[in-house]
Amino acid sequence: MDRLKNAARLMIVSDLDHTMVDHHDPENFSLLRFNTLWESFYRNDSLLVFSTGRSPTLYKQLRKEKPMITPDITIMSVGTEITYGSSMVPDDGWVEVLNQKWDRKIVTEEASKFPELTLQSETEQRPHKVSFYVDKSKAETVTKQLSEIFKNLGLDIKIIYSGGMDLDILPQGAGKGQALAYLLKKFKSEGKLPTNTLVCGDSGNDAELFGIPDVYGVMVNNAQEELLKWYAENAKNNPKIIHATERCAAGIIEAIGHFNLGPNKSERDGVDLTEYKMKNPSPAHDIVNIYLFYEKWRLAEIDNSEIYLASLKASCSPSSVWVHPSGVELSLNSLLSVLRKCYGDQQGKQFRVWVDSVITTQVGPGTWFAKFHKWESFGEARRGAMISVVVSAKEGDAFDGYTYMHVHQTWVDEAVNENNLPVWF
Ligand code: GLC
Ligand code: MG
């Protein structure tokens, strides 16, 4: 990734459904915890990779349903499609690799002869992936028979069973593991092999990730039978792989702590990180905290105390301007009075605030330019803004926080591209 000048400190490669995203948690509590942690401490020197079985269509749908941040790299359709950045630029080199010994038409024809197999929806049929549903009791036999047929036809095919129901047929060189190996090779050739890599998964199509040499791995607590079976047969003695005691994203955070890969607590966990902040000042961490405060303030999850407003006031330059998305310029005093009025207005409601892609660039001594997206969700509805800020470290011998010099916001609802991601131009 060109965004990082050096090798990533940590690269997280995570599956989405039932790993990063907990479909049994309507509050999305652990996902929000992960987001806060990542944006506070990792975004600026690490890489986030989502590796999902979903097609681009279903991936974009999930982004609309859940409070997800934007990965640096998106691997979709079980490792058959790799894209970069928020504009999702495809890796054409990977497509070429996958074209070898692959004939989609023959694969579909042969597999369709099996009455046990039911074709998945049209969106999930991709150039290098043909997907079916099959009953758990029939999966093994069908897989064996299909492999035999393809072998006799001279096709190099891989069959993967996941979630106790999905059967994917891919080129032999495809899959989540091969896609990761391809990326690691690419990073290595650029001299930017991540210092640590952590892979995270819950089901059959994730197994390959755990087979990549030198990576740490976490099978989340709610991992499927087929993954645990693979682990027992293939990787039981690998100390770099754990079966977490926590579900989904909480299991990922648990693994970060277990393997000592970096900070594993953020203010969203209700911990006081004042000391840490003094030692490791970071404008990104500060920005994340301001919006966490804003969420808790409107939820009335913190006291209605003027002390908070006074501290916010002290963090803004008296001459600072906040440009609201409507184009109106808010002075510091009017901003504070708006905030004072909305204390607790979302109490007991499903109101959440999260920031995404908080990228900070130092533009002068003690001065940073930062840009990020801020999302507010009200139950099912959500509203996004693109924000840029200029912040300065307060002057003095010891670190004493930041001063916000300028904040500029624009709505992103209308300014999203076809990937439902904000556009800058
Ligand atoms: C996702 C995909 C589906 C695939 C499954 C397992 O659910 O939408 O097509 O079969 O992952 O890889
Ligand atoms: Mg999964």
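Report those strands (runs of 3 or more DSSP E) wholly inside the range 324-425 carrying at least 2 residues which are modelled with pLDDT of 90 or more and over 28 Å from the mean Cα position of the chain (by Cα).
The qualifying strands (runs of 3 or more DSSP E) are 381-393, 402-411.
Considering only the range 12-29, state which residues are within 15 Å of ligand 2 (Cβ to nearest atom) and more than 12 Å from the chain's Cα centre (by Cα).
Matches in the range 12-29: 18, 22, 23, 24, 25.
For residue 202, which of the numbered conditions (1) in contact (Cβ under 8 Å) with a residue 12 or more places away in the chain; (2) more than 15 Å from ligand 2 (Cβ to nearest atom) fails to hold?
(2)
May I ask you to list the residues in the range 225-258 that are under 16 Å from residue 25 (Cα atoms) and aliphatic (A, V, I, L, M)?
249, 250, 252
What residue, of 65, 96, 109, is open to solvent by 30 Å² or more (accessible area, probe 1.4 Å) and within 16 Å of ligand 1 (Cβ to nearest atom)?
Result of the check over 65, 96, 109: 65.
Do we have residue 36 as among the polar types (S, T, N, Q), under 30 Å from residue 282 (Cβ atoms) and within 15 Å of ligand 2 (Cβ to nearest atom) here?
For residue 36, the condition - among the polar types (S, T, N, Q), under 30 Å from residue 282 (Cβ atoms) and within 15 Å of ligand 2 (Cβ to nearest atom) - is not met.
Results for (1) open to solvent by less than 20 Å² (accessible area, probe 1.4 Å); (2) in contact (Cβ under 8 Å) with a residue 24 or more places away in the chain; (3) at positive phi, shown as yes or no for each residue.
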residue: 334; (1), (2), (3): no, no, no
residue: 354; (1), (2), (3): yes, yes, no
residue: 357; (1), (2), (3): no, yes, yes
residue: 365; (1), (2), (3): no, no, no
residue: 378; (1), (2), (3): no, yes, no
residue: 385; (1), (2), (3): yes, yes, no
residue: 404; (1), (2), (3): yes, yes, no
residue: 409; (1), (2), (3): no, yes, no
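Within the range 234-276, how many residues are open to solvent by less than 60 Å² (accessible area, probe 1.4 Å) and in a helix (DSSP H, G or I)?
Going through the range 234-276 one residue at a time, the tally reaches 13.
Going by what's in this entry, would residue 41 be described as open to solvent by 10 Å² or more (accessible area, probe 1.4 Å), under 18 Å from residue 285 (Cβ atoms) and more than 13 Å from the chain's Cα centre (by Cα)?
It is true that residue 41 is open to solvent by 10 Å² or more (accessible area, probe 1.4 Å), under 18 Å from residue 285 (Cβ atoms) and more than 13 Å from the chain's Cα centre (by Cα).
Return the only residue of 112, 147, 137 being over 27 Å from residue 23 (Cα atoms), more than 16 Å from ligand 2 (Cβ to nearest atom), free of Cβ contacts under 8 Å to residues at least 12 places away in the same chain and not aliphatic (A, V, I, L, M). Reasoning before the result, please.
Numbers: 147 fails: free of Cβ contacts under 8 Å to residues at least 12 places away in the same chain; 137 fails: over 27 Å from residue 23 (Cα atoms).
Just a single option satisfies the conditions, and that option is 112.
Considering only residues of the range 153-181 that are open to solvent by 50 Å² or more (accessible area, probe 1.4 Å) and either at pLDDT 95 or above or of a type in the set (A, V, I, L, M, F, W, C) (or both), which is farthest from ligand 1 (Cβ to nearest atom)?
By that ranking, first place goes to 153.
Name the one entry in 76, 88 that is within 16 Å of ligand 1 (Cβ to nearest atom) and not assigned by TED's automatic domain parsing to the domain that holds residue 372.
Of the residues listed, the single one that is within 16 Å of ligand 1 (Cβ to nearest atom) and not assigned by TED's automatic domain parsing to the domain that holds residue 372 is 76.
Among 225, 233, 246, which is the only one that is touching a residue at least 40 places away in the same chain (Cβ under 8 Å), more than 20 Å from residue 10 (Cβ to Cβ), assigned by TED's automatic domain parsing to the domain that holds residue 24 and of a type in the set (Asp, Glu)?
225
The values are calculated or read from the model by the stated rules, or taken from the named source; none is laboratory data. Bear in mind the structure is a predicted one, so any value in this text is a computation, not a measurement. Glycine gets a Cβ as well: all are built from the backbone with ideal geometry, and neighbour counts include every protein chain shown. We work out accessible area using only protein heavy atoms, side chains counted, and drop any ligands, DNA or RNA first. Shrake-Rupley method; radii C 1.70, N 1.55, O 1.52, S 1.80 Å.
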